Amino acid sequence: MHSSICQASAQAIAAPGDWLDGQQRIDIWRQVRDSSTNPLDTERRLALSPAAIEGTHPATEHLSSVMNDSVHRIASDPGRLTRAWADSVIAEIGEEIYTEIVGVIALATSIDWFHRSMGLDLVELPDPASGSPALRRPDGVGDIGAWVSQSVEKARANVSRALSLVPITNDSWRVLVDGFYSRGDEFFDLSWDRPLSRPQVELVAARTTVLNECFY
Amino acid sequence: MDSGKALLSFVDAVVRKPDTYTERRQKLVDEVGLAGLTEAAATIAAFSGLVRIADATGIALDDGTLEFSDEMRAKSGLNDFVGATNSDLDRAYESGGATEISVKGLFT
């Protein structure tokens with residue numbers, strides 16, 4: 001099951017998305033992988049403040065310098081991102097592209113971290129699919145106080161609507177998180193019939209988020 | 001909790017201490033089996049993605065979570081995380097209905 005989820009998610013990354021094409025999305029994945037050992041990212045991570053380190057990541061064949069640098073920042077040190085930084089990036093590339101970058105990073109990170117956690121080799125990056133992105137901003141999104149526009153529908157918790165500005169990418173993400181964790185209506189049960197109990201799963205989840213210094 | 005120590009140790013190895021990974025992976029498999037390891041790996045993977053979404057989009061804590069985590073956050077130091085600035089920790093919040101929405105709406 002998990003292997004098929006990874007394969008489907010990898011193909012989703014390779015496909016044209018909301019505002020980025022397959023080549024750009026695969027390049028994001030490539031840069032996510034680079035961020036784990038990249039010297040500039042390592043230096044930023046170790047610094048008291050990432051802003052104290054000079055330097056930016058250069059443009060790649062498919063990503064501008066601002067886009068590439070934002071990939072490295074989000075992938076390598078998400079717990080210390082600031083609104084001021086995000087606003088400066090969004091001013092350059094727009095909130096739609098920024099949000100899609102975030103979504104692709106999440107997908108790529110999840111696939112790779114699953115393999116690392118299992119002690120498996122990382123999958124080869126798939127070939128990007130041809131085609132153009134949708135280039136469509138969905139209805140019903142607006143300022144709800146986050147850094148990017150999101151669904152104004154209040155029935156959803158904030159984490160559930162965080163990528164609502166980019167519905168194609170959001171759909172792919174929801175498939176992954178449902179398969180890896182929430183499993184539909186089973187999420188509402190306090191007792192799960194899985195190899196790990198619900199408390200055990202939540203313990204792993206909590207530890208993962210704390211080590212990543214994620215407040216939410 | 002059964003295998004709690006082994007689970008925590010495994011997460012630490014994956015996220016922070018790769019040189020200890022082989023030993024801790026084996027210990028976890030000894031306790032929860034390969035299926036349990038797979039479940040743990042999937043959870044680590046999902047939440048490694050989730051934290052990047054939460055932190056990069058600047059979402060605030062939902063009302064119900066704010067209310068119920070107030071004391072825990074203060075005691076554990078979570079309010080010192082950079083991401084805490086995305087939430088108005090001092091504001092009054094609704095309870096009851098907001099809590100239900102927050103829990104049920106998290107991943108659906």
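With unit charges on the beta carbon (Lys/Arg positive, Asp/Glu negative), name the residue among B:LEU78, A:SER160, B:LEU37 whose Cα is farthest towards the positive pole of the charge dipole of the protein assembly as shown.
B:LEU37
In the protein assembly as shown, with Lys and Arg counted as +1 and Asp and Glu as -1 at Cβ, which of these residues, A:LEU20, B:LEU28, A:ALA47, has the Cα nearest the positive end of the dipole, that is, farthest along it?
So the residue we want is B:LEU28.
In whole Hz, with x marking every Gly and Pro, tabulate ³J(HN,Hα) for the range A:75-82 from phi via Karplus 6.51 cos²θ - 1.76 cosθ + 1.60, θ = phi - 60°.
Couplings: 5, 8, 8, x, x, 10, 6, 10 Hz.
For A:SER117, A:SER36, write out the residues from largest to smallest accessible area, computed with a 1.4 angstrom probe and no ligands counted.
Correct descending sequence by accessible area is A:SER36, A:SER117.
Residue by residue through the range A:166-178, what is 3J(HN,Hα) from phi via Karplus (6.51 cos²θ - 1.76 cosθ + 1.60, θ = phi - 60°)? Round to whole Hz and write x for glycine and proline.
Result, ordered by residue: 10, x, 5, 5, 4, 4, 5, 5, 5, 5, 5, 5, 5 Hz.
On the Cα set of the range B:15-59, report Rg and Dmax in Å, please.
Spelled out, the Cα radius of gyration and Dmax of the range B:15-59 are 13.4, 40 Å.
Spelling out what I want: for every residue of the range A:181-194, take phi, set θ = phi - 60°, compute 6.51 cos²θ - 1.76 cosθ + 1.60 (Karplus), and round to whole Hz; glycine and proline get x.
Computed from phi, the couplings for the range A:181-194 are 9, 7, 6, x, 5, 4, 4, 7, 7, 7, 10, 10, 9, 9 Hz.
Roughly speaking, what is the centre-to-centre gap between the range A:61-80 and the range A:177-213 when only Cα atoms are used, to the nearest Å?
A separation of 28 Å, based on Cα centres.
Less than 17 Å apart at the alpha-carbon level, and either on another chain or at least 8 residues along: which aspartates and glutamates does that give for B:LYS17?
A:ASP77, A:ASP112, A:GLU213
Against the 2.2 N^0.38 Å scaling, with N counting residues, where does chain A land? I'd like the Cα-based Rg ratio to two decimal places.
For chain A, the normalised Cα radius of gyration comes out at 1.02.
Taking the Cα centre of the range A:54-184 as origin, work out the dipole magnitude from +1 charges on Lys and Arg Cβ and -1 charges on Asp and Glu Cβ, in debye rounded to 20.
Result for the range A:54-184 is approximately 580 debye, rounded to the nearest 20.
With a 1.4 Å probe on protein heavy atoms only, work out how much accessible surface A and B bury together, total over both chains, in Å² to the nearest 100.
Separately minus together, A and B give about 5800 Å² buried.
Per the Kirkwood treatment, what hydrodynamic radius in Å, one decimal, follows for the range A:112-204 from the mean inverse distance over all distinct Cα pairs?
The answer is 16.3 Å.
Treating the beta-carbon of each Lys and Arg as +1 and of each Asp and Glu as -1, no other charges, what is the dipole magnitude of the protein assembly as shown about its Cα centre, to the nearest 20 debye?
Dipole of the protein assembly as shown, to the nearest 20 debye: 480 debye.
Can you sort A:TYR181, B:TYR21 by solvent-accessible area, 1.4 Å probe, largest first?
Per-residue accessible area, sorted high to low, gives B:TYR21, A:TYR181.
At 20 °C and 1.002 mPa s, what whole-number value in µm²/s does Stokes-Einstein give for the translational diffusion of the range A:1-82, with Rh from the Kirkwood sum over Cα pairs?
Calculated translational D: 156 µm²/s.
At most 14 other C-beta atoms within 10 Å and a DSSP loop state: those are the exposed GluC sites (Glu not before Pro) I care about. Give me the longest piece of chain A that has none.
That gives A:154-216 as the longest site-free run.
The values are calculated or read from the model by the stated rules, or taken from the named source; none is laboratory data. Given the structure is predicted, the values throughout are model-derived calculations rather than measurements. Note that each Cβ is placed from the backbone with ideal geometry, even for glycine, and that neighbours are counted across all protein chains shown. Only protein heavy atoms, including side chains, enter the accessible area calculation; ligands, DNA and RNA are left aside. Shrake-Rupley method; radii C 1.70, N 1.55, O 1.52, S 1.80 Å.
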